[in-house]
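The values are calculated or read from the model by the stated rules, or taken from the named source; none is laboratory data. Everything quoted here is computed from the prediction, not taken from an experiment. Because the Cβ atoms are built from the backbone with ideal geometry, glycine has one as well, and the counts that use them run over all protein chains shown. Areas reflect the complete protein model, heavy atoms only, side chains present, ligands, DNA and RNA absent. Shrake-Rupley method; radii C 1.70, N 1.55, O 1.52, S 1.80 Å.
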Amino acid sequence: MWYLNGFSPGEWTLCLLVCCVTVTGSSAGGKGSVQKDTVSGGMNVLLLIVDDLRTSLGCYGDSVVKSPNIDQLASRSVIFTNAYAQQAVCAPSRVSFLTGRRPQTTRLFDVHSYWRTHAGNYSTLPQYFKEHGYETMSVGKVFHPGISSNRSDDYPYSWSNKPFHPSSEKYENEKTCKGKDGKLHANLVCPVDVSEVPEGTLPDIQSTEEAIRLLHNVKQKKSSFFLAVGYHKPHIPFRFPKEFLKLYPIENVTLAPDPYIPKKLPLVAYNPWTDIRKREDVQALNISFPFGPIPKHFQLLIRQSYYASVSYLDTQIGKLLSTLDNLELSNNTIVVFISDHGWSLGEHGEWAKYSNFDVTTRVPLMFYVPGVTSIQQSKEPTFEYIDPFKYGLGNKLPGKSLDVPVELVSLFSTIGELAKLPVPTDCPTPSFHVELCTEGQSIVPYFHMPKEENNSDVAAFSSYPRPSDTPQWNSDLPDLKDIRVMGYSKRTVDYRYTVWVGYNPVTFEANFTDIHAQELYLVKSDPNQDDNLLNNSLRYECSNVLGVQKRVGKITQWDKLAAFELCVT
């Protein structure tokens, strides 16, 4: 066994993938203790959080999806085309970016723990604004509901008022989908007549209405506000107003470009999409577990319904932003648009999140900052509502985009800096005892970065747990006690590298000498990440790692150490 500077190969990888995560050009932080001074008339914040939305948006180059209102927001924003979640599951991702800590620090890899009692009493982004004099409000799915947010959405720590959840939320997984037999089912694909569903409405419609009501209230009170609005769609089931199907005729819908499981994919990396298998319409297909493919006709229905859900979501975003405009709040309100993670639409033969691939970790991320990303030059509205049914695909608005890899864990420090609050200091290692610090440095310095600047040294990190090396019924979302393997993944502008290692859920320790599998994809030549350059042959592995370094030409010394050490024992 060889060693470098006193560290074993496993320790080098552990440091690279877990500890030594920095963002080039980040700003200096403020003090670690919470500042109690209040702000008067400070820049407001509207944080829009979407559930399971991948980068299937017009502003991200998607030629199929109609998302005119989100595209309009993007045209007035800085958008990041390489933004990544730290884990492709709702609760771990949301707790991570709302606390500014990585899942390894929140120790939340499933949905069954509350970080304040499970790991540490970490301050949250809305809590920080609340302690600086803002009125903080939560609408819809912001924190993941349940024990992961103490069954209270972390109220009263994070919010000035009790969080709002739409009353129709409870029907999302009930039998409200009318089938061809005329009966109601709990289906995956679920276009509905809104007038016929319980309460005559849908959760995201109610959330928009409540958010609009709150905007009117804060306008009247003239108070500084932090309003987080969490939308459910396009999370499954695909339950949306049926008229949105007209935007996507089934004959125009195509299959994923890579609908088959890659031959060189390690089995531990595969997720068997068990959540959609529970839906009645999917069960009726009698698909074999875990590798049986979904029939092509149903694949098209899923993709059509996902797109329709996105356009339905877009209308809600449009109505909310146009209200912000009508109330003359868009000139002093920062608008941040994110998703908690992506979702596979048949890529790699998968239909869910639960992986380290780009389709599940890559998310839309955009920041509208009045006077910075957009300067009002006339009396024209900033966010005029656009009807997707009257909107031509040729009218897409380009946004200012940056391809530097960034992470959602940077959201806390970034929004704080944009609002001119003191930025928390970097977290020490370990930081379980520190209430206020950040593991994600501010990405504000990138806002004015030249597009041609070399970003090859910057990386984003994600991880995903598995109960075993082969697909099981709990592979997608194992309970903490069942985790035996952890996949740590590094994404640069040039490649994605993932190493799957043994994991102890009792001590929360990864064993980087116990390597189960590895993946390496060159993004430019293999954008869908189908050709794993690291297979099970050690000889192939070592020779190709060196070859990759020569072809990419931009791998840093850190990267060479991380990849090459796996070949040397």
Work through the residues other than residue 203 whose Cβ is under 12 Å from its Cβ and net out their charges, Lys, Arg +1 and Asp, Glu -1. -3
Members of 66/263; 221/451; 141/242; 246/451; 242/353; 319/524 lying beyond 31 Å, as alpha-carbon distances in this model show: 66/263; 221/451; 246/451; 319/524
Estimated distance in nm for a label pair at residue 484 and residue 286, the labels positioned 7 Å out from Cα along Cα-to-Cβ: 3.2
Fully extended contour minus Cα-Cα distance, from residue 513 to residue 246, at 0.36 nm per residue: 90.8 nm
Which of 457, 153 is most accessible, then next, and so on - probe 1.4 Å: 457, 153
Taking a virtual spin label 7 Å from the Cα of residue 221 along the C-beta vector, which residues in region 155-171 bring their backbone nitrogen under 18 Å of it? 155-165
Tell me, in nm to one decimal, what length is gained between residue 170 and residue 201 on full extension, where the rule is 0.36 nm per residue of separation less the Cα-Cα distance? 10.0 nm
Tally Lys/Arg at +1 and Asp/Glu at -1 over every other residue whose Cβ is under 15 Å from the Cβ of residue 260; what's the total? -3
Listed peptides 400-410, 216-226 by packing density, highest first (mean Cβ within 10 Å): 400-410, 216-226
Please give the solvent-accessible surface of residue 417 in Å², to the nearest 10, using a probe radius of 1.4 Å with every protein chain present. 50
In a shell of Cβ-Cβ distance under 14 Å around residue 340, excluding residue 340 itself, what net charge do Lys and Arg (+1) and Asp and Glu (-1) give? +3
A chain fully extended from residue 504 to residue 372 at 0.36 nm per residue, minus the present Cα-Cα distance, gains in nm 42.9 nm
Ordering 297-310, 277-290 by per-residue average of other C-beta atoms within 10 angstrom, highest first, gives 297-310, 277-290
Hull volume in cubic angstrom per residue (convex hull over the Cα atoms of region 47-157): 123
Phi-based couplings in Hz for region 317-326 (Karplus 6.51, -1.76, 1.60; Gly and Pro marked x): 4, x, 5, 5, 5, 5, 5, 4, 5, 4
